[in-house]
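Input: a single structure, listed below in structure tokens.
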Ligand SMILES: CC(C)(COP(=O)(O)OP(=O)(O)OC[C@H]1O[C@@H](n2cnc3c(N)ncnc32)[C@H](O)[C@@H]1OP(=O)(O)O)[C@@H](O)C(=O)NCCC(=O)NCCS
């Protein structure tokens, strides 16, 4: 479905710019304060939001779906773990402004993040989703993510325990982009599937 039919207005998906931060903050802080969509509990002030923006280098983009100056949704890729070995495994986040959900904006943002993850040579993509968030679970499943684990009662928010479901877009979905086998030191023994080789960076 083309984006411009999603909400009856032309919707552009583009890189986020600093001027978008107040609107991104408003979308994010509502979920932090009032819902279990994120396990974060501390709203971001403008300084914290600018730091978040600065942490997202070209390899870990932030995108927005916007109509004119209005940000309707945003998404981001982040390193899954800070350790260098995890540099090519990314975690996505997708947040749609209240009043615009159920119109496919989550689809548009997630599809764009998957495309960008591939283009940047990432090898694997995961999402950590609170287990009651059926809209996000379904969104990710529609894009090929599969459940690879459930962490039971790992986060306490709003006085109750939250389970976190981990979904992964299988590395096969990235075939031809991030997989390399030329690093002799870590090349697999003869006979082993060469697609399991990688090159650190
Ligand atoms: C989860 C989220 C990103 C999905 O994005 P979206 O653009 O609403 O996605 P969709 O349009 O594909 O709709 C999601 C589902 O909710 C249903 N839905 C319909 N109307 C809806 C509404 N007014 N509000 C929410 N969901 C609605 C859709 O029918 C769809 O169900 P389906 O998958 O069975 O078809 C979005 O709902 C959101 O931002 N939620 C709050 C933040 C959040 O949970 N982020 C993800 C953290 S992991």
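Among the criteria (1) near the ligand (Cβ under 8 Å from one of its atoms); (2) crowded, with 18+ Cβ neighbours inside 10 Å; (3) more than 15 Å from residue 62 (Cα to Cα), the one residue 109 does not fulfil is (3). Only a single item in (1) assigned to a strand (DSSP E or B); (2) within 13 Å of the chain's Cα centre (by Cα); (3) more than 10 Å from the ligand (Cβ to nearest atom) is not met by residue 152, and it is number (2). Here residue 103 meets each of (1) surrounded by fewer than 18 Cβ atoms within 10 Å (Cβ to Cβ); (2) within 13 Å of the ligand (Cβ to nearest atom); (3) modelled with pLDDT under 95 with one exception, condition (1). For the stretch 5-20, the criterion of being in a loop (DSSP other than H, G, I, E, B), crowded, with 16+ Cβ neighbours inside 10 Å, within 17 Å of the chain's Cα centre (by Cα) and modelled with pLDDT under 95 is met by none of the residues.
In summary, residue 81 fulfils each of the numbered conditions (1) surrounded by fewer than 22 Cβ atoms within 10 Å (Cβ to Cβ); (2) touching a residue at least 24 places away in the same chain (Cβ under 8 Å); (3) within 27 Å of residue 199 (Cβ to Cβ) with the single exception of condition (2). When the stretch 120-139 is filtered for residues that are more than 8 Å from the ligand (Cβ to nearest atom) and modelled with pLDDT of 95 or more, the ones remaining, listed by number, are 125, 126, 131, 132, 137.
Can you pull out the residues in the stretch 41-56 that are within 15 Å of the chain's Cα centre (by Cα) and either within 16 Å of the ligand (Cβ to nearest atom) or more than 25 Å from residue 136 (Cα to Cα) (or both)? Matches in the stretch 41-56: 52 only.
The values are calculated or read from the model by the stated rules, or taken from the named source; none is laboratory data. Source: prediction; values computed, not measured. Heads up, the Cβs are rebuilt from the backbone with ideal geometry, glycines too, and the neighbour counts pull from every protein chain shown.
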